Every structure is written in structure tokens, then in C-alpha cells.
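The values are calculated or read from the model by the stated rules, or taken from the named source; none is laboratory data. For clarity, every value in this text was computed on a predicted model and none was experimentally measured. Cβ: placed from backbone, ideal geometry, glycine included. Neighbour counts: every protein chain shown.
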């Protein structure tokens, strides 16, 4: 539809960006309540974008600032209480190759690891 914007208008007969933001918040709150170490999340692209925005304390609409490549890996960490995107849109093979080059295991302590699986419709 002319003028339609998924970030502003959500999906027709579906979720608004605020609805998806609430689901991301529920996930993040449950993750912190049940903190059992690093978490791997495999999700669709737009949800990944909203999830990282909420993890960084931004409004769901700011997910538009985080472009996600298909099958990319992103690491969200919280060093010293300040959430940050440690890696964004990295290829899984690149992470493994980097760790192998250092003769070290891949970093296993991200607070949240997001792998984008495809578009949100």
C-alpha cells in the first residue's frame, strides 16, 4: 500500500511494532529472571532487529536502524552493566575462523546471541 511502513504501521491484520516490542521485552525479562548464562536465539529478521533495540534500551521502532543479513550472527553483551552490540551481522563461519586463528574456542559468554533466520511478514 502506498505510504505503508512496517515500523510505523505494523502488519495489516497483524502485530504492530509495539506488540512485537512487548514480546521482545517479555523474552528479555524472562531471560534475566532465569539467568543461566549465555542464550542463543534464532529468530526472523525484523524480530531480531526489535529484540536488539529493546536489549539496548531503545524503543522498538529503532529496530529499523539494525539491518540484518540472512543467517547472520550477532552478539549482544552487557559488560559492566552497559548493553552493547559486540558483533553485528557476522557470518557464523567468520566467528569460528577467527577463534581458530587465535587457537581459542569461540567466545562463549555473550549475554544474547541472535541468529536471523529470514524476513518478518
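Conditions tested, residue by residue: (1) assigned to a loop (DSSP other than H, G, I, E, B); (2) in contact with a strand residue (DSSP E or B) (Cβ under 6 Å, 6 or more places away or on another chain); (3) at pLDDT below 80.
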{"position": "29", "(1), (2), (3)": "no, no, no"}
{"position": "41", "(1), (2), (3)": "no, yes, no"}
{"position": "69", "(1), (2), (3)": "yes, yes, no"}
{"position": "74", "(1), (2), (3)": "no, yes, no"}
Given the conditions (1) at pLDDT 90 or above; (2) in contact with a helix residue (DSSP H, G or I) (Cβ under 6 Å, 6 or more places away or on another chain), which single one is not true for residue 19?
(2)
Is it the case that some residue within region 89-109 is surrounded by fewer than 16 Cβ atoms within 10 Å (Cβ to Cβ), out of contact with any strand residue (DSSP E or B) (no Cβ under 7 Å at 6 or more places or on another chain), at pLDDT 80 or above and not in a helix (DSSP H, G or I)?
no
List pairs: first residue in region 79-103 and under 25 Å from residue 63 (Cα atoms), second residue at pLDDT below 75 and surrounded by 15 or more Cβ atoms within 10 Å (Cβ to Cβ) anywhere in the structure, Cβ distance under 7 angstrom, at least six positions apart or on different chains.
86/110
Regarding residue 64, is this residue at pLDDT 80 or above and in contact with a helix residue (DSSP H, G or I) (Cβ under 9 Å, 6 or more places away or on another chain)?
yes
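State the number of residues belonging to region 5-16 that are exposed (fewer than 12 other Cβ atoms within 10 Å of the Cβ), farther than 19 Å from residue 67 by Cβ and at pLDDT 85 or above. Spell out how you get there, then give the answer.
Initially, region 5-16 is screened for residues exposed (fewer than 12 other Cβ atoms within 10 Å of the Cβ), giving 5, 8, 12-14.
Filter once more, so that each one left must be farther than 19 Å from residue 67 by Cβ: 12-14.
Now narrow it down to the ones that are at pLDDT 85 or above: 13-14.
Total meeting the criteria: 2.
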